[in-house]
Structure formats: C-alpha cells, structure tokens
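Beneath this line is the structure, given in structure tokens, with notes to follow.
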Amino acid sequence: MKTDEKATLSERLVSCGLEVIASNGLEHMSLRAVGSAAGSTTAGIVHHFGDKAGFVRALMEAGFQAERDWHAGMAQRIEGAELGHLDFAEWVAWYVDQRAGSTMGLFWSELLFKSRFAPRSQEAIARWHELRIRFWETVLAANGRRRDFAPYLVSYLCMEEVCAHALAGDIYYELFKRESLRTVTAVLFGHRSAADRSLSEWSDRRLPRYAMHAVIEGDTLPGRLIELAAKEVLEHGIRSLNQRVLAKKAGVSASMIIYHFGSMAAFENQAIWRAMAIGVPDATNPEADPANTSTLDKWAAMVGQTILPAKDERKAGFYCGYARMTGEVALLSRRKPELLPLIEHLRTLEGWASFGASQTIWKGVVNLTRNQAAAFAIWVKGQAIVNEIHSTEADDIEKRLKKFIREVL
C-alpha cells in the first residue's frame, strides 16, 4: 500500500486503518485515530467510505489483496524446491516467522479471533481462509506432497500464528513450535511421529515456572471478585475487565482488588485463567466414563461437541471459547506484557489434557505421544475457530476429527 505523499487520501486512510488495528486491536480502532494518522479527519473517512462499516469493508478488501500478493510471492520462493521432512517443517516455521508481528498477520488474526467487533466479516474471513488453503495446496503439490493436507495445516496455523505474535523469538517457544510442526507434517513424508522423545514431556516439568495461583474459594471476597471477572471475560471478552466496575459489582472499593491480588495485572491473569477453566469437558477429563469414547465414532462425537459452533439456542463448544480467548490473550499481550506469562503457560501446556486422556479414557482408541498430543491440541483449537467461520455442522466435524487421527497423526 502507498504511504507517501503520492498516495491518495483514501489509500492513506486504508493503510493507516490496517496499521491502527494491527497496533491497537480491532476493538480499539476509532475513525478519529485513523483520520489523524492519515493527516485527515473523520469527515474524510465518511466522505470516502460512507461510515465505519464501509471503512472496515474497505480494510478487509485491501487486506485480502495484500495477502494474495504476499502469498503469490511466497509461492514463487519455494517453486522448484524438493524439501525433505525437516526442511519442509523449517520452511513452514519460517512462514510463521514472517507473519509474526507483521501488519497483515496481526490484522487477520485480529479479525479471526475478534470477529464480533467487525459485524458481517465472516464472508471476508472465509475468503481469506480459502486463499491460504489454495496457497498451501500449491506448495504441497509443488513438493510432491498431498494437496488434501492443506486444510489441516491451515487450521493448525490459525492457532500457531496467533501465539507467534506474542512469543516469537522466545527460545522455548521456538523449540515447541518447530517440534509441533515436525509432528503435524510427519505424515507427508511417511513418518508417524517427528521424534522419539518429546520436548513437551520435558516442558511439563517446567510448568511450575508459570504456575497459576491456587483456586480461590468463591465464598471469600477474592473468590467472588475472580468469579465476577471470569464471568465478564466469558460474556464480554478480556477487554471488559475494569477495576472500578468489577469492584462496584462486588460492593467493595476498587483498592480491594490491589489489596488482595497485588496488581491489576495479577488479577487479570487469574480471572482469565479461571474463565478458561470453567466448563472443562468430559471429552478430555481423565476421570470421565471411558465408555463414552470407547470407539472412534463415539470419540469423534464427544470431542466434536467441544468444537461445535453456536447455532440458534445452542451454545458454542468449550474449545470454541477457549481458542478464541487464547487468541485474544496472545494479541493483547503485545500491548500488555504482563499477560505474557499466561500465554507462555498456555502454549507450554498445549496437549497436556489430550495426552492425559489418551492414556486413560481414549486408550486403545486414540493413542497419542506427548508431542502428537500437543500438535493435536493446537490443530483442534484452530479447527474450532474455522468451524465458527463456516458454521460447520456436527457430521462434518466428526468426519474431520476421524480423518485427522487416521491420516495425520
């Protein structure tokens, strides 16, 4: 996009709009801020685009064209290459690296994980998602690999990329990312797993580094504050957390939050973590009845419910909200570094529940190594977000789950 003096005002407004969303978040994009950044006013945006909805539509169209051109350039860079497994996984990791923190990478992650702030954006997001599938089909075919693997890889990347926006450059994250990519792409090269020993097994022993505080009983003031905050997060998103509003609802002074939790950042961390733990499904509960997952069909039906999008009176499955909240935390942590320990914890934790379930209630039906469990967990959360884009129904979700287990891991 043109940003110099030769660019038209409409082009400058669009370019600045993309930058503002990438920097400040979709929910904080104001026409006044964009107009000021472009050397114009709100009136200039209204003149060119009609209203805020029209401006957002223009941003999505410009974002799509930029992504189309960028992916075309990436396809040319790998054309003719004959990559082995490790090199291919490294190339995918490099793709993620190029998107981490970039304007376009952030813009589309903002739309993907915060679509409620951009009404009628579903069609544009679905179009962008299909563009990425076509790109990876081209890359896979050029390397003599299965084109039908592309949708699985793109769903996986939806989740990995949003984590990369927050954690790129961290040595432990880079190790985990590459292991998971080697694992999820192993089947393309005739392997079942990427390594005999998993970095994730080692990382499980590091979890105390990111230990969350013990659960606070709800009948205490700190407990009531956490429960109120968790409810706010679930109903209105992370941005709804406000010290004064929450204190007022609890009938106490705002200073009591700082008194009990030390800082608003510590309180937010606990509230988000509590919100993410509410309603953990039996599908991954090691103590649940194994009869419910005793065949692959039963397993797919039960796990499928956790990634089933909302429809009419039906609530979204647990991992739809969990994945969306994880994405929001990752994006917000770029502006609020105090949230980084939480997203580090969540990425390190990936696959812990799935691995535990595979050793217990899924045993004999879905058996996963620790690194396979991490790859599956990242993919299934990405797939939950994709299901919401396409309003995918239960039958299709179950088929995809069974195919992923049979043909990918």
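FYI, it's all coordinate maths here, none of it is from the lab. In this text the structure is predicted, and so the values were computed from the model without any measurement. Glycine gets a Cβ as well: all are built from the backbone with ideal geometry, and neighbour counts include every protein chain shown.
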If amide H atoms are built 1.01 Å from N in the plane of the peptide, which residues on other chains or at least 5 residues away come under 5 Å of the amide H of Ala310? Ala316, Gly317
Other residues with Cβ under 13 Å from the Cβ of Val365 give, with Lys and Arg +1 and Asp and Glu -1, a net charge of +3
Mind putting together the pair-distance distribution for segment 207-407? All Cα pairs, 10 Å bins, whole percent per bin, short to long. 8, 32, 32, 20, 6, 0
Largest first and to the nearest Å, give the Cα extent of segment 10-156 along each principal axis. 54, 26, 21
Protection proxy (average C-beta count within 10 Å per residue), highest first, orders 73-85, 48-60 as 48-60, 73-85
Cα-based radius of gyration of the chain once divided by 2.2 N^0.38 Å, which approximates compact folds: 1.01
Report the one residue of Gly382, Gln270, Tyr173 whose Cα lies farthest in the direction of the positive end of the charge dipole of the chain (charges on C-beta: Lys and Arg +1, Asp and Glu -1; origin at the Cα centre). Gln270
Work through the residues other than Ile21 whose Cβ is under 10 Å from its Cβ and net out their charges, Lys, Arg +1 and Asp, Glu -1. -2
Tally Lys/Arg at +1 and Asp/Glu at -1 over every other residue whose Cβ is under 12 Å from the Cβ of Leu401; what's the total? +1
Once normalised by the length of the chain, the mean sequence separation of its alpha carbon contacts under 8 Å that are 6 or more apart gives a contact order in percent of 18
Nearest 500 deg cm²/dmol is fine: what mean residue ellipticity at 222 nm does the chain get from its DSSP H runs of n ≥ 4 alone, each adding -39,500 (n - 2.57), divided by its residue count? -21000 deg cm²/dmol
If packing is taken as the average number of other Cβ atoms within 10 Å across a peptide's residues, how do 33-41, 382-390 rank, most packed first? 382-390, 33-41
